[in-house]
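I have placed the structure first, in the form of structure tokens, so that the comments after it can refer back to it.
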Amino acid sequence: MAEGEDAVASALQETFISLQNAGLGDAGVQTLALALKKTSELKAISLGPEGAKALADALIHNTSLQRRSANLRVLFKCSPLSKALGQNVSLQVLYLRYNNIKDQGLLSRIHDALKRNEVASPPRAPVSDLDKEGLAVDPAAWLEAVSAAITQGDAHAWGRAKLMVVGRGAAGKTSTVRSLLGQASRVEHLSTEVADIHRTRAQDWHPLESDHGEFDAQVRYAATQRLVAAARKGQELSASTSGQSTGDEATDRPLSPSGSPKSVGASESPEPLLAPKDVARRFSVSAKEQTLLLQDSAADRNASFTIWDYGGQQVFYALHHIFLTDKGLYLVVFDMREIIGKEQFKDGLSPDEYAKLATQDEAIEFLRFWLNSIKLHAPRSPVLLVGTHKDEVHDLHAVQSVLGNRKVINIHGTLVRPPGSSFFAINNRSPDPHRAAALRAAIAKTAAAQSYVHEQVPLAWLKIHEDLLQSDTPFVTFENVVARGAAYGQSRAAIEKMLAYFHGLGVVVHLGGSEVLKRVVVIDPQWLLDKLARVIADDMHAQSLYRDEGLLAAELMPAFERMHDHAIASRRLLEWLWEDQEVDYLLGFMDANMLLCPWHFDDEDEDKEDDDDDGKKTDAYLISGLLSDAVEDVKTEHFEPGLSCELDFSGFFLPNGVFHRLIAQCAKYAVRPEVTGDDEPMKPALGRRQAMLSFGINDFLLTVDGDVVRICVDKNAERPAMVIKVLVSMLREQAETVFGGLPWDLLLVSPTTQVAVAYAKIVEKREEGRLDARLRGPNRKVAAVSEFEPFFTEKIGALDTDEDGPSVPAFADVPALARGEDTHVFLSHIQSTGGDLADMLRLKLENRGLRVWFDQAHRAVLNQEAMLDGVRRARTYVLILTAGVFASDAVKAELECACRSNKRIVVVHEPDTHRSSYVNFGEYIDATPSFCPGLFNEEESLPVRRKWYTRRTPFSMSFSAAVFDNELADEKEKPSAAQPSAAQHSTAQHSTAQLQQRTMGCVQSMIEKLQDPEAAAQAAAEKAAEKAADKAADKAAQKAAQMVASKMEGKAGKEPEEDEA
């Protein structure tokens, strides 16, 4: 017997075993029971009834068993098992389905045993699966429950999670996905492009075709919960149970609470989610089908996953911020052969296989990169490390030792670890369909612990999702989704919350980094991924396109080679790559994500390459994501170094894409008229790790070295500090919109000693007046504070903020205040969301010579009467629109006072969609106080530009009031390629574009309103007269041209009729 125990115990080192119908007999199972006491690896076991009594004692001693499925009606006739369930310290899930248990005494013993177990989750009583065995409901009652759930819009946990599989290219990610799905292994397969998306459930890990049917499944579940609740209470189904959660969801958090007051923007008479005839058609079931349905709708349903198999090539890294979301689990896959050194496996590999393996240092750096990227974009998400090629690497402790010594496993604080290790080892070549059983169990358990899996999702959300999936386009406008939601009684705020939830789960793609991105909802993420992969592809994936006969037939091979050699693509090429599908949207999407920008630097020969078939010039674009593969060297022999600084990211890491996005920002900014002035712009010279560009005649060199970006301005530049401030502003924009608050330090390089010192330390000593103080840089070298004075001579404000400096010009003629006026401007805002915006605006106005009333700077007694008196004694009332502004009684009182006092009103708003202070403009319109219903019909709302580089900052020294004119808005925003059409907007109750069309191009209206009323009226009359005269002159010139043309053609007929003067 002892030998049998040891043999069985050795075999049980695997983590999953199924003994159902094994025919072991009592003696065999007794041996197994004794063996179970000796193993610590087994985590799951599925047993038949044989030998159950012998296993009871084993349960008490085994500390790793987590899941058990058994015929408990037989087992529990043996009282020792009841005791075992109460004492086992590791059991977490006990499957009781399909046991046909009807003995109430037996159910009571199960319940008591689980209750005594301190480790297991508190048992749900009564056990719903067991209740359903005895639940009999006729089809009519079933349809009644379905109708009630749909009508009331029941909310229940959706149980959805996103599983991101990431790692170095060729590390075995796709093979790991196949193992999770129980699919046969493949010796060779194509490398994944951007990503492949799969759907599966943790219950059986079988691939699911699509998201179609999710609404029906959730309706069935909701109806089941109603029936179970009614049966428990012994009551007839009634509307009183609508929206109530059963005991099994007591901890679920509703995303859109049922029964809450109707939010603004929702339809007053919402459409039903389904018509009555459709309910009967879609949900009628037989009594037998209903029984199966009730069994499959357990309250502890397993989570379902959207699996993203993410490409590991570096060229795809620029897309991380789009797809690495917080509502996900991350598998970081690595090849264990690379971790312990590929040299050990050289004899067993072909030369090609060996060459594809990374060195140990490279493999460690890839692991660090992925763990840092997840920490940046999804810091609270769980991470599981997965080591592949377990069949070749037998010393797992060696792998663990390397990971520990190189401090890889300390990077991420939410690392999920198997017992005794920091990673899961897997053999993807095994024919066993359960080869990933331990990994599956860990994923399912981890997913079940995530709060978002249990958040209640209203049926209306899933119906909207179903409607979107049934549309013919891969994306729709945000306003289209809002309109669909309003029809089902969902407010705009609820739709925004729904899209944020769906985006986090990878169900849709809806980004908020800019207005362009926010306007569009991508319904099919795989479609977007496939389109991006046609452009952002490395050499290996581009080879298939090189061989495409269509590329040759379209005579686009030179354009394709130029794109991959120099990262410049013609629109004609992009149209071909995207198969003429939604080209404008894709251009706008890539532009808004700084993956692409217009290219205006081609010479005449290059222009001809981009011409279409008719010889007409087409647009060209810089594909910044392809610069990582560019091989062109930047020639710097004529560059003369001047002021330099460093942007040091080594405190965390420098993500891929930061440097190349910065190049795209510069190329786009460099051609702005206010930047170039009358100067000829320089054509940028771009390379993999270096770029030479210019703002006007201010040339500069960008270089990336490890985790440091260096900026060096040519010594002949007129505004070197201005160049640095603009570049820093661009990087701050990236950190806020793309890289989630990425930390970095600004260091200035001494022009005399070339020592780099932290900018903050230099500023501190200068403010103390200690110019002779000497400071140390990171390399411990020393430089005096006075050496950095050239960085401060332009007086443009702090280099690391968007604040203005003394050099910003005041207005030539500051409007004089009339009798009874103390200030030019009264700033009205809600402190919680608009305080920082108001303070920034105050500084800008005061720097230009205006007097501003601002509550946080008010020195006298501050109460409501003081604020209202400030409104009355101000020339102009400025309303700052941020989230919740009209919920403030103080703001409404100030606005009403301004209206009653007949004050000039200027409205400004937060335009940055990534900020919590931003809301869709429709919400402002909906919440407009009743005492000023025409506020937005009479006044244009101006977006307040925060970033320095988004305003007019002329490098030609011709500063004027135009600088201030564009602090709020440079010019009327032109609709981008991705902006929805007017026809698309017409379906929405309120249109953002409608307001943008009324948005002023500059703040000149504010200046005019600040002036004397009579002078302003006279100026307006003169302007109108001048405009009329110009119009009349244009018409006269047009008539004269028509007459000349008529005579030249020999048509000396009668002259055109006179227009009315």
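The values are calculated or read from the model by the stated rules, or taken from the named source; none is laboratory data. Being a predicted model, the structure only gives us computed values, none of them experimental. All Cβ positions, even for glycine, are placed from backbone atoms using ideal geometry, and neighbour counts span all protein chains on display. Heavy atoms of the whole protein, side chains included, go into the accessibility calculation; ligands, DNA and RNA do not. Shrake-Rupley method; radii C 1.70, N 1.55, O 1.52, S 1.80 Å.
Close amide H partners of ALA425, meaning residues 5 or more places away or on another chain with modelled amide H under 5 Å apart, are GLY387.
The distance linking the range 842-896 with the range 752-782 is 40 Å (Cα centroid to Cα centroid, whole angstrom). 3J(HN,Hα) couplings calculated from phi for the range 919-936 with the Karplus curve 6.51 cos²θ - 1.76 cosθ + 1.60 (θ = phi - 60°) are, in sequence order, 9, 4, 4, x, 5, 5, 5, 4, 9, 4, x, 5, 6, 9, x, x, 3, 8 Hz; Gly and Pro show x. Computed from point charges on the beta carbon alone (+1 for Lys and Arg, -1 for Asp and Glu), the dipole magnitude for the range 631-791 about its Cα centre is near 440 Debye. When LEU747, LEU862 are compared by accessible surface with a 1.4 Å probe, the order from highest to lowest is LEU862, LEU747.
Between the residues GLN754, VAL713, GLN690, the greatest Cα displacement towards the positive end of the dipole of the range 631-791, with unit charges on the Cβ of Lys, Arg, Asp and Glu, is found for GLN754. Applying both filters, DSSP loop and at most 14 other Cβ atoms within 10 Å, to the trypsin sites (Lys or Arg not before Pro) of the range 388-441 gives LYS407.
Taking trypsin sites (Lys or Arg not before Pro) across the range 706-770, the ones in a DSSP loop with at most 15 further Cβ atoms lying within 10 angstrom of their Cβ are LYS715, ARG770. Fully extending the segment from ASP352 to ARG281, taken as 0.36 nm per residue of separation minus the present Cα-Cα distance, adds 19.7 nm.
3J(HN,Hα) along the range 434-442, derived from phi through the Karplus expression 6.51 cos²θ - 1.76 cosθ + 1.60 where θ = phi - 60°, amounts to 9, 5, 10, 4, 5, 5, 4, 4, 5 Hz, with x in place of Gly and Pro.
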